[in-house]
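As structure tokens, the structure follows; a few thoughts come after it.
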Amino acid sequence: MCGKQPAAGQPLVGRRILVTRRLEQSKTLADGLRSLGAEVVVVPAIEVALPEDPGPLDRALADLGGLDWLIFTSANAVAAVADRIRVLGVGDEDLRSVRVASVGPSTSRAFVERFGGRPVDLEPAGDYQATGLAAALLAEPGGVAGLRFLLPTSDRAGDRLTVPLRRQGAQVTVVVAYRTLPAPGLASRLRGLAGEIDLVCLASPSAASAVAAAWPGPLEGLKAAVIGDETGAAARAAGMYVEVVARPSTAAGLIAAISGLTPPP
């Protein structure tokens, strides 16, 4: 979008940016972009729902005491497991007996908040993606062969974490902890934004798919800034142009990547 010229400390003046995270997760990103001068439009692309069949998750959580590792790749998974544990009445001693791995800082914070202040046992040093978490687990003393892992995830999760663990002999159980669905009324909320948005921020493959299905104009003209390589792949597959990928894969990393873009004319 054309408009004001960027000022010192506000490199995003003149840019109109669409943030598609859920409202409770969008504040850090939206506020950070606004502080750099951007006009931010927040339209959540997805909502989270319970699994169609919670049985597999319930059975897996009932067996927490027999696990070596519980792995979380999103704050949504943390919330889904915490809610289900409360419903099932799983004992604290079972949770204390299992080590917990998190994909990155926001997921770790969610775990600390939902599980009584307990810190996670493992988080990647900087690559906050499935591949980084897999590498961190594989680097643990003694390796992963023969160890039992539980990965509660979304109904759209990929296998970039499970494949390397299983190749090294780990026993990985994957269960759907939550489903991601397009937000109700998404198409109507996006109507009129085609040609008016400089950049769309996407934090998950499901958000990329939802926006692509509801976008009111040609996707070839839609530029995306994404958190994570899997999200970038989904955006490209949908026909968007991925202008930046956050490094690291956090809201702060995305803000930093966007702030380095060439100012609009």
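The values are calculated or read from the model by the stated rules, or taken from the named source; none is laboratory data. This is a predicted model, so every value here is computed, not measured. Positions of Cβ are generated from backbone atoms using ideal geometry, with glycine treated the same way; all protein chains shown enter the neighbour counts.
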_Residues located in the stretch 107-155, provided they are within 19 Å of the chain's Cα centre (by Cα) and among the charged types (D, E, K, R)_ = Arg109, Glu113, Arg114, Glu123, Asp127, Asp155
*In the stretch 164-192, what residues are free of Cβ contacts under 8 Å to residues at least 60 places away in the same chain, within 27 Å of Ala62 (Cβ to Cβ) and hydrophobic (A, V, I, L, M, F, W, C)?*
Leu165, Ala170, Val172, Val174
*Select, from Leu199, Leu151, the only residue that is in the same structural domain as Asp127 (by TED's automatic domain parsing) and at pLDDT 95 or above.*
Leu151
*Consider Arg148 against the criteria (1) of a type outside the set (Gly, Ala, Ser); (2) touching a residue at least 60 places away in the same chain (Cβ under 8 Å); (3) surrounded by fewer than 22 Cβ atoms within 10 Å (Cβ to Cβ); (4) farther than 15 Å from Trp69 by Cα: it satisfies all of them except one. Which criterion is unmet?*
(4)
*Just a yes or no: is a residue in the stretch 87-103 among the aliphatic types (A, V, I, L, M), closer than 30 Å to Pro182 by Cα, at pLDDT below 95 and surrounded by fewer than 16 Cβ atoms within 10 Å (Cβ to Cβ)?*
yes
*So is Ser209 under 18 Å from the mean Cα position of the chain (by Cα), at pLDDT below 95 and surrounded by 19 or more Cβ atoms within 10 Å (Cβ to Cβ) or not?*
no
*Considering every residue within the stretch 86-109, establish whether at least one is part of a strand (DSSP E or B) and touching a residue at least 60 places away in the same chain (Cβ under 8 Å).*
no
_Residue count, the stretch 110-123 (criterion: within 21 Å of Gln25 (Cα to Cα) and either among the aliphatic types (A, V, I, L, M) or assigned to a loop (DSSP other than H, G, I, E, B) (or both))_ = 8
